[in-house]
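The values are calculated or read from the model by the stated rules, or taken from the named source; none is laboratory data. Since this is a predicted model, take the numbers as computed values, not measurements. Note: ideal-geometry Cβ built from the backbone for every residue, glycine included; neighbour counts use all protein chains shown.
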Amino acid sequence: MKYNRILLKLSGEALAGSQGSGVCNEVLNQICDEVKNLHKMGVEVAIVIGGGNIHRGVAGATKGMDRTTSDHMGMLATVINSLAIQDCLERKEVKTRVMTAIEMAEIAEPYIRRRAVRHLEKKRVIIFAAGTGNPYFTTDTAAALRANEIDADVIMKATKVDGIYDKDPVVHKDAVKFEELKYIDVLNKGIKVMDSAAISLCMDNEIEIIVFNMFEKGNIQKVVIGDHVGTVVKK
Ligand SMILES: Nc1ncnc2c1ncn2[C@@H]1O[C@H](COP(=O)(O)OP(=O)(O)OP(=O)(O)O)[C@@H](O)[C@H]1O
Ligand SMILES: O=c1ccn([C@@H]2O[C@H](COP(=O)(O)O)[C@@H](O)[C@H]2O)c(=O)[nH]1
């Protein structure tokens with residue numbers, strides 16, 4: 001196994017599947033089956049999920065909402081997605097803990113780093129919810145922050161595209177895919193697959209990022225055993 005402790009960043013938007021918003025049961029089940037496989041292999045798994053299938057702060061602000069309020073809604077959206085993943089994993093008999101960056105102790109544990117690491121050591125899958133707890137950030141930055149804090153070996157960004165391209169492949173059909181990129185190149189080229197705060201945090205602490213397609217069965221496992229999938233971002 002190449003990686004023993006991973007931070008899996010799941011796209012909220014992709015969780016909607018073809019229905020466009022909300023949580024698609026089929027996608028949820030597929031992802032959770034793959035997480036269960038990793039868990040069986042003994043990999044320590046921490047998950048951060050976005051909220052793009054429910055609410056994005058910027059979208060609300062564009063329509064005139066107060067940005068901070070809109071970001072609070074976005075962070076709550078990530079809690080909804082995290083609970084959906086927890087529920088699905090537990091139905092598959094995988095022990096989990098949701099830890100929130102904003103206290104809501106009736107629903108989930110507050111995030112405490114030492115407890116998070118202990119959960120991982122006890123082979124519980126942890127799901128970090130509510131982003132960083134601060135507005136004006138994204139769950140990519142939350143993933144980078146938590147990956148650093150728990151000393152993860154890698155950030156695996158599972159998304160709807162199969163890697164990083166020279167321009168957004170969803171918009172440009174002639175986009176060209178990179179197999180490997182340096183952090184600094186992602187920043188200099190202004191590539192929008194992840195926000196620059198997240199990339200900078202990973203660059204400073206040399207945590208590798210792998211961007212890959214979450215809809216291709218087996219991809220998550222392939223990344224963990226060291227097969228080349230998607231695009232690798234490193235030093
Ligand atoms: N150069 C690029 N290469 C690859 N993807 C790109 C690029 N530029 C923009 N993108 C877009 O980045 C997105 C990244 O996917 P993802 O769904 O994880 O975004 P996200 O904002 O983190 O999602 P969510 O907020 O729902 O969690 C893809 O939808 C892709 O279209
Ligand atoms: O640290 C954070 C993380 C997220 N938000 C808000 O949540 C939404 C959803 O997250 P995505 O990463 O876009 O999926 C985001 O748009 C922000 O509004 C936040 O404020 N702080």
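Return the pairs, sorted by first residue and then second, in which the second residue is within 6 Å of ligand 2 (Cβ to nearest atom) and in a loop (DSSP other than H, G, I, E, B), the first residue lies in segment 128-152 and is of a type in the set (Ser, Thr, Tyr), the beta carbons are less than 8 Å apart, and the residues are 6+ apart or on different chains.
These pairs meet every condition: Thr138/Gly50; Thr138/Gly131; Thr139/Gly50; Thr139/Gly51; Thr139/Gly131; Thr141/Gly131; Thr141/Thr132.
Among residues belonging to segment 23-56 that are touching a helix residue (DSSP H, G or I) at 6+ places or on another chain (Cβ under 9 Å), away from ligand 1 (no atom under 14 Å from the Cβ) and in a loop (DSSP other than H, G, I, E, B), point out the one that is farthest from Thr96 (Cα to Cα).
Looking at the filtered set, the residue picked out is Met41.
Determine which single condition Val58 fails, assuming it passes every other condition in (1) surrounded by fewer than 22 Cβ atoms within 10 Å (Cβ to Cβ); (2) aliphatic (A, V, I, L, M); (3) in contact (Cβ under 8 Å) with a residue 40 or more places away in the chain.
Failing condition for Val58: (3).
Given the residues Thr132, Thr100, Thr78, which is the only one that is within 16 Å of ligand 1 (Cβ to nearest atom), β-branched (Val, Ile, Thr) and farther than 21 Å from Asn29 by Cβ?
Matching residue, one of Thr132, Thr100, Thr78: Thr132.
Exactly one of these conditions fails for Met203: (1) within 15 Å of ligand 1 (Cβ to nearest atom); (2) crowded, with 19+ Cβ neighbours inside 10 Å; (3) among the aliphatic types (A, V, I, L, M); (4) modelled with pLDDT of 95 or more. Give me its number.
Tallying (1) within 15 Å of ligand 1 (Cβ to nearest atom); (2) crowded, with 19+ Cβ neighbours inside 10 Å; (3) among the aliphatic types (A, V, I, L, M); (4) modelled with pLDDT of 95 or more, Met203 fails exactly one: (1).
Can you work out which of the residues in segment 61-91 that are of a type in the set (S, T, N, Q) and crowded, with 20+ Cβ neighbours inside 10 Å is nearest to Leu8 (Cα to Cα)?
Here the answer is Ser82.
Could you please give the count of residues in segment 157-200 that are of a type in the set (A, V, I, L, M) and crowded, with 18+ Cβ neighbours inside 10 Å?
Within segment 157-200, residues that are of a type in the set (A, V, I, L, M) and crowded, with 18+ Cβ neighbours inside 10 Å number 10.
One residue is enough: does segment 12-23 have a residue meeting the conditions charged (D, E, K, R) and farther than 18 Å from Ile155 by Cβ?
No, every residue in segment 12-23 fails to be charged (D, E, K, R) and farther than 18 Å from Ile155 by Cβ.
With respect to Val94, is the statement that it is surrounded by 14 or more Cβ atoms within 10 Å (Cβ to Cβ), among the β-branched types (Val, Ile, Thr) and part of a helix (DSSP H, G or I) true?
no
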